[in-house]
Amino acid sequence: MCRHLGYVGPPVRVGELMMRGPHSLYVQSWAPSEMRAGGTINADGFGAAWWRRSDVEGARDTVARYRNQAPIWTDPAVAEVLGHLESRSVIAAVRSATIGMPIERNACAPFTDEHWAFSHNGVVPDWRTILVAVLADLNEVFAAALPPATESSDRRALFSSPAVLLEAESLTDSAALWVLLRGLLAAITPEGPVTSPADALQLLVATVLRHQPTARLNLLLGNGVHLWATTCWHSLSVLVADDYTVLSSEPYDADPRWQPIADHQLITATPGHCTITELHALESPTTERARS
């Protein structure tokens with residue numbers, strides 16, 4: 001599948017982080033050690049996202065991005081350009097394209113929007129059908145959680161129609177997952193069915209797995225301050241230091257602070273801190289309505 005990496009802490013050079021350690025993300029592009037039947041190398045592109053401090057007081061940091069469909073080892077910009085850019089948070093990925101999916105720049109993670117960046121390590125089999133069904137279920141979840149619609153109220157559906165999936169940057173499961181997750185993030189409210197980014201990831205993963213139990217869903221999300229991740233099939237490890245935290249598909253060095261994360265977990269990370277909770281299954285919205 002892919003390998004990805006997330007960092008949050010004191011400013012770090014983007015390119016240095018991608019090349020850090022004897023088993024860096026850079027090295028993992030041609031010599032991964034924990035692909036778990038998801039390919040052998042990650043040579044179908046790469047990308048990095050980082051956050052720039054806003055000049056407006058109180059405004060959120062904005063995310064910037066660099067992507068290339070070529071193997072990471074062919075691009076000198078990793079060292080010569082990204083090596084001179086600093087950020088307090090970074091998400092980077094190298095890609096192993098699923099058979100049948102395009103090899104193009106727009107298919108490479110991270111996917112971004114405003115202050116968000118997202119990466120997916122895994123696959124959703126039959127994603128064109130499955131993710132349409134997931135979209136319908138998400139609409140049902142939000143409809144059930146809101147008061148009955150009136151003629152003067154807004155539509156209760158989270159997504160207006162399945163055509164929203166056509167907004168995906170590329171015809172891949174990862175890009176379509178980002179469309180769904182982006183909608184959930186935009187719908188966060190204190191009283192709604194999604195109250196936090198962690199809730200959004202939990203709901204998305206649970207809904208996909210209910211329709212496609214064989215989906216592999218290691219997701220990584222950041223906003224420049226926090227990182228959130230899920231483990232579903234593929235490997236992920238965490239390094240928590242005094243003032244920074246790293247999430248990585250594979251440890252990039254032999255630091256004893258690296259700890260593997262078990263399968264089906266939800267992770268929230270900030271500088272020097274990480275919480276891990278279990279991902280929970282989702283029951284059918286129809287079942288929930290029948291009980292109420």
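The values are calculated or read from the model by the stated rules, or taken from the named source; none is laboratory data. This is a predicted model, so every value here is computed, not measured. With ideal geometry, Cβ positions are generated from the backbone for all residues, glycine too; neighbour counts draw on all protein chains shown.
Yes/no per residue for (1) under 16 Å from residue 3 (Cβ atoms); (2) touching a residue at least 24 places away in the same chain (Cβ under 8 Å); (3) surrounded by 23 or more Cβ atoms within 10 Å (Cβ to Cβ):
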site	(1), (2), (3)
90	yes, yes, yes
93	yes, yes, yes
99	no, no, no
105	no, yes, no
115	no, yes, no
119	yes, yes, yes
130	no, yes, no
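Being part of a loop (DSSP other than H, G, I, E, B) and either in contact with a Cys (Cβ under 7 Å, 6 or more places away or on another chain) or hydrophobic (A, V, I, L, M, F, W, C) (or both) is the filter here; which residues of region 1-56 pass it? Let's see the steps before the verdict.
First, pick out the residues of region 1-56 that are part of a loop (DSSP other than H, G, I, E, B): 1, 19-24, 29-45, 53-56.
If the condition is that a residue be part of a loop (DSSP other than H, G, I, E, B) and either in contact with a Cys (Cβ under 7 Å, 6 or more places away or on another chain) or hydrophobic (A, V, I, L, M, F, W, C) (or both), then 1, 19, 30, 31, 35, 37, 41, 42, 43, 45, 56 are the ones that fit.
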Step by step: first the residues of region 114-139, then only those that are at pLDDT 95 or above and of a type in the set (D, E, K, R), then the one that is farthest from residue 39 (Cα to Cα). Which residue is that?
137
Given the criterion of a type in the set (A, V, I, L, M), touching a Cys at 6+ places or on another chain (Cβ under 9 Å) and crowded, with 20+ Cβ neighbours inside 10 Å, identify the matching residue among 238, 246, 194.
238
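Could you tell me whether any residue of region 58-72 is modelled with pLDDT under 95 and in a strand (DSSP E or B)? Steps first, please.
Quick first cut of region 58-72, residues modelled with pLDDT under 95 only: 58-62.
Applying the additional criterion that residues be in a strand (DSSP E or B) yields 62.
Yes: region 58-72 contains one or more residues that are modelled with pLDDT under 95 and in a strand (DSSP E or B).
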Check residue 3 against each of (1) buried (at least 22 other Cβ atoms within 10 Å of the Cβ); (2) of a type in the set (Lys, Arg); (3) within 18 Å of residue 115 (Cα to Cα) and name the one condition it does not meet.
(3)
Show the residue pairs meeting these rules: Cβ distance below 9 Å; 6+ apart or different chains; first residue within region 184-204 and free of Cβ contacts under 8 Å to residues at least 24 places away in the same chain; second residue part of a helix (DSSP H, G or I) and β-branched (Val, Ile, Thr).
194/141
Verdict on residue 283 being at pLDDT below 95 and either of a type outside the set (S, T, N, Q) or out of contact with any helix residue (DSSP H, G or I) (no Cβ under 8 Å at 6 or more places or on another chain) (or both):
yes
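Table: residues versus (1) in contact with a Gly (Cβ under 9 Å, 6 or more places away or on another chain); (2) assigned to a loop (DSSP other than H, G, I, E, B); (3) modelled with pLDDT under 95.
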| position | (1), (2), (3) |
| --- | --- |
| 160 | no, yes, yes |
| 166 | no, no, no |
| 174 | yes, no, no |
| 195 | no, yes, no |
Residue pairs, Cβ under 6 Å, 6 or more apart or interchain, first in region 265-280 and over 14 Å from residue 220 (Cα atoms), second part of a loop (DSSP other than H, G, I, E, B). List them.
271/243; 271/244; 272/242; 272/243; 279/264
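Looking at this structure, is residue 231 free of Cβ contacts under 8 Å to residues at least 60 places away in the same chain, touching a strand residue (DSSP E or B) at 6+ places or on another chain (Cβ under 8 Å) and hydroxyl-bearing (Ser, Thr, Tyr)? Reasoning before the result, please.
On the way: free of Cβ contacts under 8 Å to residues at least 60 places away in the same chain: yes; touching a strand residue (DSSP E or B) at 6+ places or on another chain (Cβ under 8 Å): yes; hydroxyl-bearing (Ser, Thr, Tyr): yes.
Answer is yes for this residue.
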Since residue 209 meets every condition but one in (1) surrounded by fewer than 18 Cβ atoms within 10 Å (Cβ to Cβ); (2) among the aliphatic types (A, V, I, L, M); (3) more than 27 Å from residue 19 (Cα to Cα), which condition does it not meet?
(1)
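Out of 79, 37, 93, I need the residue that is under 17 Å from residue 227 (Cβ atoms) and not aromatic (Phe, Trp, Tyr). Which one?
Values: 79 fails: under 17 Å from residue 227 (Cβ atoms); 37 fails: under 17 Å from residue 227 (Cβ atoms).
Unique residue meeting the criteria: 93.
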Scan region 220-229 for residues that are in a strand (DSSP E or B) and surrounded by fewer than 24 Cβ atoms within 10 Å (Cβ to Cβ) and report the count.
1
Any idea which of (1) touching a Lys or Arg at 6+ places or on another chain (Cβ under 9 Å); (2) at pLDDT 95 or above is the one residue 142 doesn't satisfy?
(2)
